[in-house]
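Step one of this worksheet: look at the structure below.
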Amino acid sequence: MGQTAAGAPGLIPEGMDLPPARKGERALARRRRTAAYGMLAPGGVYLFLGFVVPLIIIVYTSLTSGGLFTSGGQLTFTWEWSNYQKALSEYGPFYVRSIQYAAIATVLCIGLAYPMAYWIAFYGGRWKSTLFMMILVPFFVSFVIRTVQWNFILGTNGLLLGPLKSAGLVPEDFHVLRTPMAVIAGITYNYMPFAALPLYVALERIDRRLVEAAKDLYASKATAFRKVVLPLSVPGIFAAVILTFVPATGDYVNASVLGGTGTTMIGQIIQDFFLVKHQYSIAAALSVILMAGMLVIALIYARALGTEDSTLAAGAAT
Amino acid sequence: MTTDPQNQPGFSPAFARGMTSRRMSRRNMLKLGGASVGALSMSSILAACAGTDSTSGQTGGGTAVDFDPANATDSLNFSNWPLYIDKAKGEYPSLNLFKEETGITVNYEDEINDNASFFGELLPQLQAGQDTGRDIVVITNGEYVAAMIQNGWATELDTSRRPNFDANAASWAKSPFYDPGNKYTMAWQSGLTGVGFNTELVNKTPTKLDDLMSTEYFPSASVGVLKSDAPDLVMINLGIDPKTSQQAEWDEAAAWLAQLRDSDTFYAGYDQGYVDDLNAKNLSGSMAWSGDVLYYKIWAGKPYEFIVPGDGALLWIDNMIIPQHAKNPAGALQMMDFFYQPEIAQMVTEWVLYMSPVPEVQDLIAAHGKDEEGSDPEYAQQLADTASNALLWPDEALLGQVSLGRNLTTDAESEAWHATFDPIWEQ
């Protein structure tokens, strides 16, 4: 992952190394330096307006109070820490559940996507791109529509259970829809491409000669995979986990479309507070907690699996 | 009348009706709208942050509003629920007639998919004391209507300028308890929440709300609950008047709901979209809206039945309201009254199958059915079924069995209500 940044000719350092005589080159370096800022600016502004500003507003809102009837819905900033207290004491279990669902779905995503990405990367040959495109094809259909379709697949007498029931393989009153199973299945399905993408990139980049070398040194296929391929794909796994786990935790579409009573996730609670109850202060507090929690988990995870190590591992592959 | 949908070549009324019941389309719309959640809530927050120093919106309504038809402007923005008005060839015949009569063009937007999020959309402008860009909105009775009236966000109507309403409105549409004298609201359509079921899937025909919990009536894991309507409906069936209910009664209803949730028959709680699960046979029965069930029964021939459970059903009213600082209040009031002419109300009812606030429509539809007998027997039969359905034309006996729901009018009440009922489903 890190090899482009380290290996590519840097924009600024290159200019600095030039002999002073070459003034034209120095002007060019200056231009390049401004160009760097110029290129960063649109993204920076975008990020500032689209992330930093809303973040500040959310944190601000989470410390306000007011109600629809008492103040016409106007919120006043009152350092209302009780919003956080309420959010945590009443909705703590939903964070736990969301993390559980997301964790299970993440493991499933990687378990399903890894062999697929591996096969495509190593044996896809000239069909590589086509095969990989096929993983991404579901993205051409709206997220919500895809999820709604699962209602038909998982229905009590739907595509999956209908035949099983007529064959007498499952009991007549067995159902999957509106259960945790359905929600986790939905999340897994919807987020698997996010896992497949980085895994494929990491696996595709592995130098085949290293695997050959391992075999030359009498490593079995399994050992070569375990000692060479798997460690080199760690950056991909790292990215896949982050890309799957973080959005899956906050997901509310799967739980509301496929879930029922007893599968409520924190995303639904937040959505409810924003859009149904119009209690923006609590909604904002819930969001801040979710965000902070995710950040902490991601940091711990990064420490454990280490981005730096991953980068080194990736670097070793080149 | 030449506005019947089936006058269009290649246009099946059954298909059109399939797209017509307003409540069924709400679920997908809501889900699709989920993508815009962030944007919507953000704008509300921005407004909330910015709004503290502006006038707090207590300026709407009052006598300053000019309702003289002579001063109506020539266009009007009307926001309603999807497929909640007559429609033919992409136009709205009743609104065209209104234009012929008054010269006012109605810009009809079917943008309301559920009360909560639509209200959330209006909220920033309401709080800032600004025009919402809409002259008429349609909102179900409940805390949003209460908030609009209390906060001065609804324009007070000139009650002397609605002769058709005075002459033709049904008893239940006149002076509802949440708006005595209809000073702010006039009913658009109305309906009942009761029990709907698939006659082929139930074990035994249910007659009361308690039957929802019993496997004697419903197969296990096959009963749905409408989360927002359930508390009121349950209270009615516990012999409590929801309109005056307090915490102790709410607790009673919550206990009943928790019992249903934990019973063998329970399948899931719904905001809307239970009809999809009914059609997919995931549900054998559910708390249901009358219009949904009637549509499938009358127009799609499904084996569905809707009952008013033993101790009563919940009545709800979708209200036309003129938001504060609307640009054309005079035109808006004219239009609201226009729809209280029986012939105009008939055009709407033949399309939407909810309760019309104009009782005379029943006879008009029956007569229309007779007229069609020669040309289109199937359509004639459907019209006759519509005209004879007791649920669409509540008599005194039925009205005695239904009640409007609790009107939450303070923050404390709203909070206590949600604290009582939300945890049942938030599990």
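The values are calculated or read from the model by the stated rules, or taken from the named source; none is laboratory data. All figures in this text were calculated on a predicted structure; none of them were measured in a lab. Neighbour counts are summed over all protein chains in view; Cβ atoms, including those assigned to glycine, are modelled from backbone coordinates with ideal geometry.
For first residues located in segment B:89-101 and closer than 19 Å to B:LEU333 by Cα, partners that are surrounded by fewer than 17 Cβ atoms within 10 Å (Cβ to Cβ) and lie 6+ apart or on another chain with Cβ distances below 7 Å form the pairs B:LYS99/B:THR105.
Residues of segment A:133-152 being assigned to a helix (DSSP H, G or I), away from every other protein chain (no Cβ under 11 Å) and hydrophobic (A, V, I, L, M, F, W, C), which ones? Of everything in segment A:133-152, those that are assigned to a helix (DSSP H, G or I), away from every other protein chain (no Cβ under 11 Å) and hydrophobic (A, V, I, L, M, F, W, C) turn out to be A:MET133, A:MET134, A:ILE135, A:LEU136, A:VAL137, A:PHE139, A:PHE140, A:TRP150. Take A:LEU164 and decide whether it is closer than 25 Å to B:TYR274 by Cβ, more than 14 Å from every other protein chain (Cβ to nearest Cβ) and not basic (Lys, Arg). Spelling it out, A:LEU164 is indeed closer than 25 Å to B:TYR274 by Cβ, more than 14 Å from every other protein chain (Cβ to nearest Cβ) and not basic (Lys, Arg). Scanning segment B:168-191 turns up no residue that is closer than 30 Å to B:GLU413 by Cα, within 14 Å of chain A (Cβ to nearest Cβ), buried (at least 19 other Cβ atoms within 10 Å of the Cβ) and in contact with an Asp or Glu (Cβ under 6 Å, 6 or more places away or on another chain).
The set of residues in segment B:394-427 that are of a type in the set (A, V, I, L, M) and more than 14 Å from every other protein chain (Cβ to nearest Cβ) comprises B:ALA397, B:LEU398, B:LEU399, B:VAL402, B:LEU404. Only a single criterion out of (1) within 21 Å of B:THR207 (Cα to Cα); (2) in contact with an Asp or Glu (Cβ under 8 Å, 6 or more places away or on another chain); (3) not polar (S, T, N, Q) is not satisfied by B:ASP271, namely (1). Residues in segment A:44-97 that are assigned to a strand (DSSP E or B), facing chain B (nearest Cβ under 7 Å) and crowded, with 16+ Cβ neighbours inside 10 Å: there are none.
In summary, helices (runs of 4 or more DSSP H) completely within segment A:192-311 and bearing 2 or more residues that are in contact with a Pro (Cβ under 9 Å, 6 or more places away or on another chain), crowded, with 21+ Cβ neighbours inside 10 Å and away from chain B (no Cβ under 14 Å) occur at A:234-250. Being in contact (Cβ under 8 Å) with a residue 60 or more places away in the chain, in the same structural domain as A:TYR252 (by TED's automatic domain parsing) and in contact with a Gly (Cβ under 9 Å, 6 or more places away or on another chain): is that true of A:PRO198 here? No. The sole residue among B:LYS297, B:LYS243 that is basic (Lys, Arg), under 22 Å from B:THR199 (Cα atoms) and away from chain A (no Cβ under 14 Å) is B:LYS297. You will find that of B:THR386, B:THR420, the residue that is buried (at least 22 other Cβ atoms within 10 Å of the Cβ), part of a helix (DSSP H, G or I) and outside the structural domain of B:LYS89 (by TED's automatic domain parsing) is B:THR386 and no other.
Restricting attention to segment B:99-121 and to residues that are away from every other protein chain (no Cβ under 14 Å), touching a strand residue (DSSP E or B) at 6+ places or on another chain (Cβ under 6 Å) and not in a strand (DSSP E or B), the residue that is farthest from B:ASN71 (Cα to Cα) turns out to be B:GLU111.
With the condition kept exactly as written, say whether any residue in segment B:138-157 is away from chain A (no Cβ under 14 Å) and closer than 22 Å to B:PRO82 by Cα.
Taking segment B:138-157 as the starting set, the residues that turn out to be away from chain A (no Cβ under 14 Å) are B:138, B:141, B:155-157.
Okay, now just the ones that are also closer than 22 Å to B:PRO82 by Cα, so B:138, B:141.
Yes, because at least one residue in segment B:138-157 is away from chain A (no Cβ under 14 Å) and closer than 22 Å to B:PRO82 by Cα.
Working carefully through the options B:GLN246, B:GLN189, B:GLN259, find the one that is free of Cβ contacts under 8 Å to residues at least 24 places away in the same chain and closer than 26 Å to B:ASP271 by Cβ. Result of the check over B:GLN246, B:GLN189, B:GLN259: B:GLN246.
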